[in-house]
Amino acid sequence: MDLTFSLEIILMLTAVAALAGFIDAIAGGGGLLTIPAMLLANIPPVLTLGTNKLQAASGALAASITMIRKGVVKPQRIKVAIIAAFIGSVIGTIAVQMSPPDLLEKVIPFLIAAIGIYTLFALGLAK
């Protein structure tokens with residue numbers, strides 16, 4: 001797979017990533033920006049989702065370590081949630097890898113829109 005990007009695309013992806021990182025640090029949901037941007041740059045859906053998950057996992061790990069160090073979260077109390085999250089991640093990864101790329105290209109924009117609408121209402125921003 002040969003991915004070649006123009007300077008404009010690289011700058012656009014960099015700007016979107018910076019904005020998404022800022023949003024993630026405040027409220028989460030940066031993937032609502034990065035996934036559509038990467039798909040618009042013609043990055044294959046599986047690579048887009050993998051890149052987004054690597055970024056999200058890195059941010060979640062940093063936040064988790066901070067919360068554990070501050071004593072806000074006690075890992076022994078959330079063992080079931082950790083195991084469930086791991087199992088869900090494995091199932092999701094397998095499902096994406098087994099899905100045809102053209103199906104993912106059609107479904108992902110609708111899922112992103114649905115998640116964005118849900119987030120607006122969950123945060124109370126759409127009053």
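The values are calculated or read from the model by the stated rules, or taken from the named source; none is laboratory data. Worth saying up front: this structure is predicted, and the values here are computed from it rather than measured. Neighbour counts run over all protein chains shown; Cβ positions are idealised from the backbone, glycine included.
Spot the failing condition for Gly28; the list is (1) part of a helix (DSSP H, G or I); (2) under 14 Å from the mean Cα position of the chain (by Cα); (3) surrounded by 11 or more Cβ atoms within 10 Å (Cβ to Cβ), and only one is missed.
Going through the list (1) part of a helix (DSSP H, G or I); (2) under 14 Å from the mean Cα position of the chain (by Cα); (3) surrounded by 11 or more Cβ atoms within 10 Å (Cβ to Cβ), Gly28 breaks only (1).
Six or more apart or on different chains, Cβ under 6 Å: which pairs go from a residue in the stretch 97-121 that's on the phi < 0 side of the Ramachandran plot and polar (S, T, N, Q) to one that's at pLDDT 85 or above and surrounded by fewer than 10 Cβ atoms within 10 Å (Cβ to Cβ)? Could you list them?
Partner pairs satisfying both residue conditions: none exist.
Taking interchain pairs and intrachain pairs at least six residues apart, which have beta carbon atoms under 8 angstrom, with the first residue in the stretch 17-31 and of a type in the set (Asp, Glu) and the second part of a helix (DSSP H, G or I)?
From residues that are of a type in the set (Asp, Glu), the pairs are Asp24/Ala56; Asp24/Gly59.
Pick out the one residue from Val16, Val73, Val90 that is in a helix (DSSP H, G or I) and surrounded by fewer than 16 Cβ atoms within 10 Å (Cβ to Cβ).
Sole residue among the options that is in a helix (DSSP H, G or I) and surrounded by fewer than 16 Cβ atoms within 10 Å (Cβ to Cβ): Val90.
Taking the conditions exactly as written (more than 19 Å from Gly116 (Cβ to Cβ) and out of contact with any Lys or Arg (no Cβ under 9 Å at 6 or more places or on another chain)), does Ala56 satisfy them or not?
It is false that Ala56 is more than 19 Å from Gly116 (Cβ to Cβ) and out of contact with any Lys or Arg (no Cβ under 9 Å at 6 or more places or on another chain).
Exactly one of (1) under 29 Å from Leu11 (Cα atoms); (2) exposed (fewer than 11 other Cβ atoms within 10 Å of the Cβ); (3) among the hydrophobic types (A, V, I, L, M, F, W, C) is unmet by Ala81. Its number?
(1)
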